[in-house]
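Here is the structure we will look at, set down as structure tokens.
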Amino acid sequence: MQKFLLQAGVISLFLSPVMAEPFDFSVGGYFNSVVYNVDTDTVYDDAESSARTAFQDISFQEDAEIIFKGKGKTTHGLTVGMEIQLEGATDSDQIDEHYIYVSGDFGKVEVGAENSGANKLQIFAPRFAGWKTYDNNFGTWSSVAKYEKPKHDNYSADANKLTYYSPKFSGLQVAYSITPSSENKEGAGTGALLSKKEVKKTHEDIHSFGLRYTAKLGGIRVKTSFTTEKGDYITEDKNKIEMEETAYGLSLSSGRVTLGATHFLSDEHKAGGNDWEITHVGLAYKWSKATTIGAGFHSQKDTKTNSDADMDTDITIIGGSTKLGSGVKLTYTHEMVDSDGEGASDANFTGVGLLLKF
């Protein structure tokens, strides 16, 4: 069944009718730069000198992507498009997500290296500081403590996959993804079918399911989601162990206030991982037309059987963002990390930055 769906997805792209008009190409993206003042006693290992070094007092963090998009219509009214994301602040994985899609009354089919349908239908905490508090792409928190994201990017990640999104029926939408292997988590290229015995396969036969419901009840806009991702972990001796993640999301918006939360559970300790229970909550308040302020709280616990629970971490974020012009925001946060992880200690990050969207 899996092979049939994969073949059907690819064939549908090649058999699409002739384009009715030229493709419309666009270039966009974002650049997020933050200067942090760091207060922590945490030290880290220097792999080159085998030394233990204190965390920097002042830290410059960046997160940037350039996104290329193309879209056009076929003579039969289908929409055909593509997207390529170029990382702008890293020395590896320069191009991660890259995929093509076909959409119409039947829904949408994506083929390529992209996050799963479970990941993309998840409901998360609102963005009050411009960037996603649940993502921590700057890596600040994970530099001083064990930090796990409450999202489905651990198993299939950006590996090549086939995803179907249904049309929305009375506010309800479902998605289903098939990922044969996460051997190339950053997205496979032309050599994806070649045998690479030297590359260890992390997961195989990954199935992702997402369900999202959106409605307006009185004056409150409600969004809910149920998402799950399951795959076989391949051990060094070629044994398969099933691993699974499940998440529940809820967002409530009324007037200037938005409250959102994700509760995330994982079952992977049989494969040498952890059983995580993660809750991430955020509250955003639109103070004015230009300014949004808010607070977020992240709590994670290692619930693995016989675990000494030395990887529990709590993080509190307060701050906001102010629009300075078209596509330009000033961001400001104070982030407090409290971890029981081995070698970790409490940390405080005070950051000010600029977020550019283009």
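Applying the criterion of at least 1 residues that are touching a Lys or Arg at 6+ places or on another chain (Cβ under 6 Å) and polar (S, T, N, Q) to the strands (runs of 3 or more DSSP E) found wholly in the stretch 93-189 leaves 172-181.
Would you pick out the residues in the stretch 201-217 that are basic (Lys, Arg) and farther than 19 Å from Thr246 by Cα? Explain how you work it out, then say what you get.
Kept after step one, since they are basic (Lys, Arg), are these residues of the stretch 201-217: 201, 212, 216.
Passing the criteria: Lys201, Lys216.
For the stretch 13-72, the strands (runs of 3 or more DSSP E) that sit wholly inside it and include 2 or more residues that are small (Gly, Ala, Ser), modelled with pLDDT of 80 or more and under 28 Å from Leu86 (Cα atoms) are 24-40.
For the criterion of being on the phi > 0 side of the Ramachandran plot and modelled with pLDDT of 95 or more, Gly171 passes.
Restricting the stretch 219-242 to residues that are surrounded by 12 or more Cβ atoms within 10 Å (Cβ to Cβ) and of a type in the set (Gly, Ala, Ser), which is modelled with the highest pLDDT? The residue in question is Ser225. Report yes if some residue within the stretch 120-131 is modelled with pLDDT of 95 or more, β-branched (Val, Ile, Thr) and either crowded, with 18+ Cβ neighbours inside 10 Å or touching a helix residue (DSSP H, G or I) at 6+ places or on another chain (Cβ under 8 Å) (or both); otherwise report no. Yes, there is a match, as at least one residue in the stretch 120-131 is modelled with pLDDT of 95 or more, β-branched (Val, Ile, Thr) and either crowded, with 18+ Cβ neighbours inside 10 Å or touching a helix residue (DSSP H, G or I) at 6+ places or on another chain (Cβ under 8 Å) (or both).
The values are calculated or read from the model by the stated rules, or taken from the named source; none is laboratory data. Keep in mind the model is a prediction, meaning the values are calculated, not measured. Positions of Cβ are backbone-derived with ideal geometry, glycine not excepted, and every protein chain shown enters the neighbour counts.
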